[in-house]
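Please read the structure below before turning to the comments.
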Amino acid sequence: MNKLSRTLALLSTAAAFTFATCDASAAVIKISCEKRGNRSSVSVNGANLASGEYKARIISGTNRKTSGLQPTIGDEVAFDFDSGTEAGAIRIPGNFIVNGQVIGKILDAQGRTVISDTEQCRVR
C-alpha cells in the first residue's frame with residue numbers, strides 16, 4: 001500500500017469515527033400534543049443536551065408561545081403547555097392548536113434553535 005493510499009484510508013476511518021461520534025451525542029426532541037374540544041395540550045422534551053438552561057417554543061398556525069428558561073436535569077429538559085389548569089404548565093389558549101399540527105423547538109439561553117420538529121397532534 002503506497003503512502004497516499006494509507007493516508008486516504010486513515011482519513012476515511014477518522015471521518016467515519018467522527019460522524020459516528022457526533023450522531024451518538026446529537027440532541028433529541030420529542031413533542032406530544034392533543035386537541036380536545038376547546039383544549040390544547042403540548043409537551044416538548046429534549047434529551048442529549050449540554051448542561052445549561054433552555055427554552056421551548058411551540059408554533060401552530062400563527063399562534064406562538066415561548067417558555068421561560070429551565071435548567072437541564074442531567075442532559076434533559078421538559079416543558080408542558082396547556083389551556084387547562086395543569087399544575088406547572090405554561091398557559092396557552094384552548095384554540096392554540098391549528099390544523100392538528102405543532103412545531104416544537106428547544107432554544108438555548110441566547111434564543112438560538114438547538115433542535116426542532118413538527119408533530120401531528122392527536123385530535124379527540
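Values in this text are rule-based calculations from the coordinates and carry no lab data. For clarity, every value in this text was computed on a predicted model and none was experimentally measured. Glycine gets a Cβ as well: all are built from the backbone with ideal geometry, and neighbour counts include every protein chain shown.
Observations, loosely collected:
- Taking segment 28-123 and dividing mean pair separation by its residue count, relative contact order in percent (alpha carbons under 8 Å, at least six apart): 34
- Aspartates and glutamates whose Cα lies under 16 Å from that of K30, excluding same-chain neighbours fewer than 8 positions away: D75, E76, D80, D117, E119
- Residues within the reach of a label modelled at S51 (point 7 angstrom out along Cα to beta-carbon, backbone nitrogen below 17 Å), restricted to segment 86-124, are 109.
- Packing, as the average of other Cβ atoms within 10 Å across residues, places the peptides 47-55, 87-95 in the order 47-55, 87-95, highest first.
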